[in-house]
Amino acid sequence: MSVEALLTRDYDANPSSVHEYLRARYGPVAPVDLLGVPVWFVVGYEEVLHVLRNKGGIWSKNVDRWRAYGEGRVPADWPLLPVFQVNNSAFAEGATQHRLRAAWTKALAPFQDHTRPQAQLLEQAIKQYADDLIGVLSEGGTTGWADLAAQYARPLPLMVANRLLGFTADRGEEVVMDIWRMIDAGPDAAAAFQRLYASMTELAAAKRQHPGDDLPSYMIEADPDLTLDELARELLMLPGLLDFTASLVCNVVVEVVSNPTMRESLSVGAIDETVNRAALLNPPMANLTFRFPMTDVKMGNYTIGGGDPVMLSVAAAHADPRFAGALDHQAIRSTRAHLAWGAGPHGCLGQRLATQIATIAVQRLFNHCSKLKPALPPDQLPWRPSPFMRALRSLPVQYQLAEGRVPASPAAGAPMPQPSAPAEAAAPQSRSPLWSFLRGLRRAR
Ligand code: HEM
């Protein structure tokens, strides 16, 4: 069967037109070529939901279920292979998945339940990070240009990741910089991954010795049998998940700046609604990592062989006329029955946290800025090429700070703020790589 290459220039620029072409030509399941590997691409809402729910238990995410991989037919240098070989809960099944997922659920609870002191402290910290970042990007003056993706939306969730991990301030900054190197898949990505794995293993060992109020310590408390290797692999998921949060922040900002009625009403309830609308219209996790059926299964117009890779497209499912056609686009409250957070046994466990980060980010930005004018029309914004995420490469804007709302920027040598770090870690450092990096991004005026 002839298959279409999925990741073309057209796809980067306008994935929805490619989804509609595939839907019209093949139906809810389309055979595609993903960087040289044949994959079933699911664009129908019902079909995506059915696989996610996995009622009959026939769908696995474990790479060892991939028939072509087991038979050595997937090239060792296939660029996406490392994503599938990482061996953490997102790819586990059965008892292992239940155990790891239970540890995540328990460990995230103190940060996602607003009656708990950890969640309240985290909220204060997120506000402080947002203010510090706005302080740095506006150091040049009360009006100017900024790239809100690089200077605000991306660093903010990574600062949260750093705090959740419970790194000391200076160590955390090195980690944030390595996370960027890894996610951006540049020439130093492999070395950055090795350093990150070593840092996470070291962190896991340190937290086992001296637990703190942080995610690794809570995971160990939830499941004392977690090995250091298991814990390090789970912790390595966090930066990527928070980079998806960065893309949500950008998408929400775009939605607000390009919609004047939205700007007029920025109450918390309204921002919550905008976050949901952005997740529905432009899901940050656009396509999910593969599933493999354990037996032959009929779906759409095809029979999918046991062990064939299946990629679920949340973005395409949301545009499926059977789903989108039934939505009331004038409704004040948009539907929550969407798939941006996944569903079923692998559904997202950090939805509340991601929503909170996006809500605070947008609130602080619009509190501090009386004017935010996009430098490009929405249809000309540059997107990062990626098989999995829909994220802006940059979000250039012209800003004007609101009178009397100039946030203090962190001192040149100050480390990234770490409210929960031990006192000695908060002492002034000679240089802060993170703040230097962010200051380097400021546009000459
Ligand atoms: C905007 C940001 C985020 C989006 C759009 C998102 C979306 C998703 C989706 C769609 C899945 C399911 C993947 C699949 O079925 O293949 C997932 C899984 C997961 N998410 Fe999120 N997520 C976000 C942020 C976060 C954050 C901040 C955390 C934790 C701090 C988190 C924790 C998890 C975990 C642990 C899983 C794996 C669950 C499992 O496999 O059992 N997510 N996420």
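None of the figures in this text is laboratory data; all of them are computed from the coordinates on show. Note that this is a predicted model, so its numbers are computed, not measured. Cβ placement follows ideal geometry from the backbone for every residue including glycine, while neighbour counts extend to all protein chains displayed.
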Can you work out ³J(HN,Hα) from phi for every residue in region 346-352, in order, using Karplus 6.51 cos²θ - 1.76 cosθ + 1.60 and θ = phi - 60°, giving whole Hz and x for Gly and Pro?
10, x, 4, 9, x, 4, 5
At 7 Å along Cα-to-Cβ for each site, give me the label-to-label distance between Tyr21 and Gln120 in nm.
5.5
Mark the label point 7 Å from the Cα of Gln351 along Cα→Cβ and return the residues of region 285-326 whose backbone N is within less than 18 Å of it.
285-289, 313-319, 324
Measure nothing fancy, just the Cα-based angle from helix 169-183's long axis to the longest principal axis of the chain, in degrees from 0 to 90, nearest 10.
40
Using only Cα atoms, find the angle between the long axis of helix 15-26 and the longest principal axis of the chain, and express it within 0 to 90 degrees, rounded to the nearest 10.
10
Chain lengthening between Arg208 and Ala375 when straightened (0.36 nm per residue, less Cα-Cα):
55.3 nm
Within the chain, what percent of beta bridges assigned by DSSP are antiparallel, to the nearest 5?
85
Stretchable slack from Ser386 to Arg53, in nm (0.36 nm times residue separation minus alpha-carbon distance)
117.4 nm
For region 1-45, build the convex hull from the C-alpha positions and give me its volume per residue in Å³.
69
How would you rank 305-311, 288-294, highest first, on the average number of other Cβ atoms within 10 Å across their residues?
288-294, 305-311
What order do you get for 38-51, 341-354, 74-87 when each peptide is scored by the mean count of other beta carbon atoms within 10 Å, highest first?
38-51, 341-354, 74-87
For the chain, what are the per-bin percents of Cα-Cα distances with bins 10 Å wide, up to the bin holding the maximum?
4, 20, 31, 27, 15, 3, 0
Note: Lys106 to Arg333 extended length (0.36 nm per residue) minus current alpha-carbon separation gives 78.7 nm
